[in-house]
Structure formats: structure tokens, C-alpha cells
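*Asks:* To start, I am sharing the structure in question, which I have written as C-alpha cells.
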Amino acid sequence: MHIDAQQVKRMREKTGVGMMDCKKALQESGGDEEKALAYLRERGLAMAAKKAERTASEGIIDSYIHQGDKVGVLLELNCETDFVAKNEEFRELARNLCLQIAAANPNYLREEDVPAEIVEEEKEFLRRQAVNEGKPENVIEKIIEGRIKKFYQENCLLQQLYVKDEEKTINDLVIETVARLGENIIIRRFARFEVGEMVEDSASSIEENKS
């Protein structure tokens, strides 16, 4: 079927995917742009899954200091080749990830990184909260399940909503870049620093040692 050039251009602007891939997605979707977006998203997921097994030992360490010099971020972002490590889009991803970490303050990279005892403590807190709200016993577990997902979304970088586009998660953002650059990309580690964040803890420790 004939695909209008303006449709292809809109898809390109929305996704950043190559013109030919956009045209193919529209053809496969009968010209339906929403279906074409879903097609590209699924294709990106499939490509990322294949590439996830490949070694990513190149990359960069990026940093960001927020205006006012009160918050700073260090990030290691890995890829497969030095060529991609020097690519402007890869470096832009690193910068956007730093901005995300500064703004959203994740404590962990992924759900699996959250210690089991922290998860249990959170579930117990949510259980008490649901009881105090007068929720029926037979729905409390469902409520906890929903709220623990929100806990992961708030605290795990890959599951956070992207601050520049809350229609996607950080994991979506990485997968889209993998699809465009054709290499496995891994957020290896990050650290966020905020002036004064340890002062209260240090003061508490001093008081405990005195007693």
C-alpha cells in the first residue's frame, strides 16, 4: 500500500528510528500510526533481548552537577564497541540518565537489586497501612501487590518513568537506543550525591556512641 511521506516523517520524529524502518512499520500496520508505534516497540524489545547476551565492556563514565552545586551524579554506561561509546546519541543517553538520577533519586538500578529484607519491610508497612485504611482482608494482598509495584517504580532506575517523557520508562529509553545503535547497552552503576544528606545520620551515630 502507498505510505504518505508525511506519515513516515511523523514516525521518524516520534521514535528516532530510521526512515526505512518507519515506512516498513507503517506498511506492516496498514498505515495505522498507533499500530506502527507498537510494532516498532515490539521490534525494539526483540532486538534488545537478542543483544542482551552480548558482552558490553566499552562505554563511558559521565557526570552531572546540578545548578547550585548541591546535587551530583556519576554514571557508568557500557556498550560493545569504542565506536558506539563515542557516538553522540550514546553520550546523550548517558547525560539524560544522569539528569534522571539527579531529579528522581533512585536507590537501586533494577527490582532484583532491592534487598529482600527491604521488600519485606515495605510490604509489612503497606499491610499495616491498608488495615488502618479499613480495607477488607480479602483485598489487602492485591492492594499490597499494586503498591509494591509503585515502590519499585519510584525506587528502581530502570522502572522509573522518564522525567522528560512520562509515557515511557527508563528501560524503554535504553531499549530504544539499543534498537537504533544496534549494540547492547548496560547501565553498569551509578551514584548520586547531595550536600548534607549524611549529616543527620552522622549526628545520630555520634549521639549513640556518646551514650
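What follows is calculated from the coordinates using simple rules that are stated; it is not laboratory data. This structure is a prediction, so every number in the text was calculated from the model and none was measured. Backbone-built Cβ (ideal geometry, glycine too); neighbour counts: all protein chains shown.
*Asks:* Between residue 119 and residue 139, what is the FRET efficiency for a Förster distance of 25 Å, r being their Cβ-Cβ separation, to the nearest 0.05? Mind dumping the intermediate values first?
*Replies:* Values: r = 20 Å, r/R0 = 0.81.
Efficiency for this residue pair is about 0.75.
*Asks:* Now a separate question. Just order 173-181, 102-110, 3-11, 114-122 by mean Cβ neighbour count inside 10 Å, highest at the front, would you?
*Replies:* Numbers: 173-181: 20.9, 102-110: 16.3, 3-11: 14.4, 114-122: 11.9.
In decreasing order of mean packing, 173-181, 102-110, 3-11, 114-122 become 173-181, 102-110, 3-11, 114-122.
*Asks:* Now a separate question. What does the charge count near residue 5 come to, summing +1 for each Lys or Arg and -1 for each Asp or Glu among other residues with Cβ under 13 Å from its Cβ? List each step's numbers first, then the result.
*Replies:* Working: positive: 9, 10, 12, 23; negative: 4, 13.
Spelling it out: positives minus negatives among the neighbours equals +2.
*Asks:* Figure the gain on full extension for residue 129 and residue 163 (residue separation times 0.36 nm, minus the Cα-Cα span) and round it to one decimal in nm.
*Replies:* Details: separation 34, 0.36 × 34 = 12.24 nm, distance 2.83 nm.
Extending this stretch completely gives an extra 9.4 nm.
*Asks:* Go through 35/168; 24/164; 70/149 and tell me which ones have a Cα-Cα distance over 22 Å in this structure.
*Replies:* On the way: 35/168 17 Å; 24/164 28 Å; 70/149 30 Å.
Beyond 22 Å: 24/164; 70/149.
*Asks:* What does the extension gain come out to for residue 6 and residue 76, with contour length at 0.36 nm per residue minus their alpha carbon separation?
*Replies:* Computed gain between residue 6 and residue 76 is 21.4 nm.
*Asks:* Figure the gain on full extension for residue 88 and residue 103 (residue separation times 0.36 nm, minus the Cα-Cα span) and round it to one decimal in nm. Mind showing how you got there, number by number?
*Replies:* On the way: separation 15, 0.36 × 15 = 5.40 nm, distance 2.24 nm.
3.2 nm is the gain from fully extending residue 88 to residue 103.
*Asks:* Using the Cα atoms as the points, what is the convex hull volume per residue of the chain in Å³?
*Replies:* Values: hull volume 41.0 nm³, N = 211.
Residue-normalised Cα hull volume stands at 194 Å³.
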